[in-house]
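The values are calculated or read from the model by the stated rules, or taken from the named source; none is laboratory data. All values derive from a computational prediction rather than experimental measurement. Note that each Cβ is placed from the backbone with ideal geometry, even for glycine, and that neighbours are counted across all protein chains shown. Surface accessibility is based on the protein's heavy atoms, side chains included, excluding ligands, DNA and RNA. Shrake-Rupley method; radii C 1.70, N 1.55, O 1.52, S 1.80 Å.
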Amino acid sequence: MAIYLKELLLGLYLLSHSDYYLERLAALGFGVPLLLFAGVFAVLLVALWLVAHVRLAAVRYLFALLFFASTLFFDVYNRVTADYLTYSTFVSLIYSGGFIDEAFYQYRESILRSSVGALLLLFGIALAPRRRLPLPEYALVAAPLCGVLLLTTILFARSGEGARGLPAMYTPLTYLNLFAYEAASSTVGPRETVSLPRHAQAVGHDIVLIVDESVSGNYLDINAEHGVRSNLRQSPPGATVYNYGYAAAIANCSADTNVTLRYGGTRSDYLRINSTMPSIWQYARKAGLRTVYIDAQRVGGRLQNLMTRSERREIDEFVQFDHMPVRDRDMAAAQKLIELLGNDTAELVYINKIGAHFPVHDKYPDDFMHYRPALPRGQYADISDTGERDGFDGQADDWGRYRNAYKNTLLWNVGEFFARIFAQARLDNAVMIYTSDHGQDLHERGNPGLDTHCGGDPVVEEGLVPLVVIQGGGLRDLDWQRELAGNKDRSSHYNIFPTLLQLMGYELTALQAVYGKPLSQHTEDEFTFNTRFNARLGEKPNWKRIDLKEVVTPVLQ
Ligand SMILES: [Zn+2]
């Protein structure tokens, strides 16, 4: 029996992760990916078995400790969050290392529970082998190194993906290799503090960035003849509306766009900037502004769009609408904004609206059912956004109803949103920038599929967003008019962060050198959006240029 103790311990360790492996197997289905997965799994298992038979005790102990720590880290994360540890989360966790004491205390029970499985692995490797494998010592030592190297190569080529379902104790060690590579090429690093020069006085007015959700630039009346009434066509009393027309999004997925809007990543350097440079909140505080984040999409303090807890601490007021129906949350955001614009405190306000993400069946009240026939009502009242497509088949008729429901939603969440703000808010002492995170594929060309955005091969409309500046009558900050004609239908999300910095009083030459051109300058933008945003390590981003001649607009109803 004792002769098999090692195998028994290692076997039990693997069994403790059986759910994790089986889940991956089920997701893979039958085919080539399964064969490749099984091949790598087998190689990694053999490597584990070999390292457990290294004869030199000190070397064996060292590997035992490394794998123990690695699996413990992986398992605790999984137990605490019920989520798979991805590479980018791993990187964030490393940078929140300062809170390790807190985490250790808070999660001590999970840590204790996870140690049971991890100890099986520790002893499975560390126990003196009762058998002498007919292999030279160096081959036994090289085996786990080759295992980690193999997995590192796979993950490098796949931007950190590919370890899912493989023996867990390899994953964090592999991530550590990738991290070392990225640290050496400075695409990751500790977050910098604000060093851009700015004028001495504090900003005396509000700066607001309103980021809508899934509002395609081609569906609003500011850009298309039969577009939905946005109430942005005319300037309200007390402010001037500058319409920059069609703009290119950062990417066609919410999180990618939002994180870049908050950190200022540029087309050529967004990975480094987004992960190591100061956030918009840091710049705002340095300029004397109070920071407010209104998230109409999530509730219960949940963070989204790649916001971390440490970023959360840079926000003075964090607003969500916990008990508010999804349909009314943009109106609640409008109400909150009206309060903030009237409170005599200079603030940076960043809003993630509900907008018009799938499902749009119930995102507007009955009074706003102007476009018919729309999607059936009543099924999705509590859902902000989802990947589920029950009851929606993606046939031409379905999409026809979808576009009508979408337009009704815009009438409410864009048109009524601005109507209320323009009627009730104090506009004279604020600059507001309005855009959407990305556009939509509403399948106008009869193209098949159920998705509206975020795919790898998008139509141009997915990257097409509105871009509007609303400047209070009391302000003479920037000369928007000067470059408006040249920048209209030619600028992008990438011009927003530098515009915000310029509004905050940071020096133009210095900010441009890092973040590119603000809307006050001739933007000369490339007018592209990124369809492969998570292109770290071995991958390159993929830029899709928007040709406005291809854009489909709504027809008269
Ligand atoms: Zn989105």
- Item | Filtered residue count, the stretch 320-350, keeping only those that are farther than 21 Å from Ala423 by Cα, more than 16 Å from the ligand (Cβ to nearest atom) and free of Cβ contacts under 8 Å to residues at least 60 places away in the same chain | 6
- Task: Name the single residue, out of those in the stretch 335-358 being closer than 21 Å to Asn305 by Cα and of a type in the set (Gly, Ala, Ser), that is surrounded by the fewest Cβ atoms within 10 Å (Cβ to Cβ).
- Result: Gly355
- Item | Selection from the stretch 495-512 of residues that are open to solvent by 20 Å² or more (accessible area, probe 1.4 Å) and hydroxyl-bearing (Ser, Thr, Tyr) | Thr509
- Any idea how many residues of the stretch 220-236 are over 19 Å from His357 (Cα atoms) and either within 16 Å of the ligand (Cβ to nearest atom) or in contact with a helix residue (DSSP H, G or I) (Cβ under 8 Å, 6 or more places away or on another chain) (or both)? 5
- Exactly one of Glu483, Glu526 is open to solvent by 20 Å² or more (accessible area, probe 1.4 Å), within 23 Å of Gly245 (Cβ to Cβ) and not in a loop (DSSP other than H, G, I, E, B), and that one is Glu483
- Message: Checking the conditions here, which among Arg131, Arg191 is among the charged types (D, E, K, R) and either without any contact (Cβ under 8 Å) to a residue 12 or more places away in the chain or farther than 30 Å from Asp477 by Cα (or both)?
- Response: Arg131
- Of all residues making up the stretch 429-468, the number that are open to solvent by less than 40 Å² (accessible area, probe 1.4 Å), closer than 21 Å to Thr528 by Cα and either acidic (Asp, Glu) or part of a strand (DSSP E or B) (or both): 13
- Item | Entirely in the stretch 4-110, the helices (runs of 4 or more DSSP H) that have 1 or more residues that are under 30 Å from the mean Cα position of the chain (by Cα), over 21 Å from Asn177 (Cβ atoms) and not hydroxyl-bearing (Ser, Thr, Tyr) | 18-28, 32-51, 57-81, 100-106
- Scan the stretch 193-219 for residues that are among the aliphatic types (A, V, I, L, M), more than 12 Å from Leu501 (Cβ to Cβ) and more than 16 Å from the ligand (Cβ to nearest atom) and jot them down. Ala200, Ala202, Val208
- Task: Provide a single number: the residues in the stretch 231-249 that are over 28 Å from the mean Cα position of the chain (by Cα) and assigned to a strand (DSSP E or B).
- Result: 4
- Message: I need the full set of residues from the stretch 257-287 which are open to solvent by 30 Å² or more (accessible area, probe 1.4 Å), assigned to a helix (DSSP H, G or I) and closer than 22 Å to Arg545 by Cβ, in order please.
- Response: Leu271
- Message: For the stretch 170-198, give me each residue that is open to solvent by 30 Å² or more (accessible area, probe 1.4 Å) and either touching a Ser or Thr at 6+ places or on another chain (Cβ under 8 Å) or aliphatic (A, V, I, L, M) (or both).
- Response: Leu173, Leu176, Asn177, Ala180, Ala183, Ala184, Ser186, Thr187, Pro190, Arg191, Glu192
- Report yes if some residue within the stretch 351-362 is within 16 Å of the ligand (Cβ to nearest atom) and part of a strand (DSSP E or B); otherwise report no. yes
- Item | Filter result for Leu22 (under 19 Å from Ala163 (Cβ atoms) and without any contact (Cβ under 8 Å) to a residue 60 or more places away in the chain) | yes
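Table: residues versus (1) within 20 Å of Phe527 (Cβ to Cβ); (2) within 16 Å of the ligand (Cβ to nearest atom); (3) in contact with a Gly (Cβ under 9 Å, 6 or more places away or on another chain).
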position: Asn413; (1), (2), (3): no, yes, yes
position: Phe418; (1), (2), (3): no, no, no
position: Asp441; (1), (2), (3): yes, yes, yes
position: Gly463; (1), (2), (3): yes, yes, yes
position: Gln481; (1), (2), (3): no, no, no
- Message: Can you say whether Gly165 is closer than 23 Å to Met307 by Cα and outside any helix (DSSP H, G or I), as far as the supplied structure shows?
- Response: no
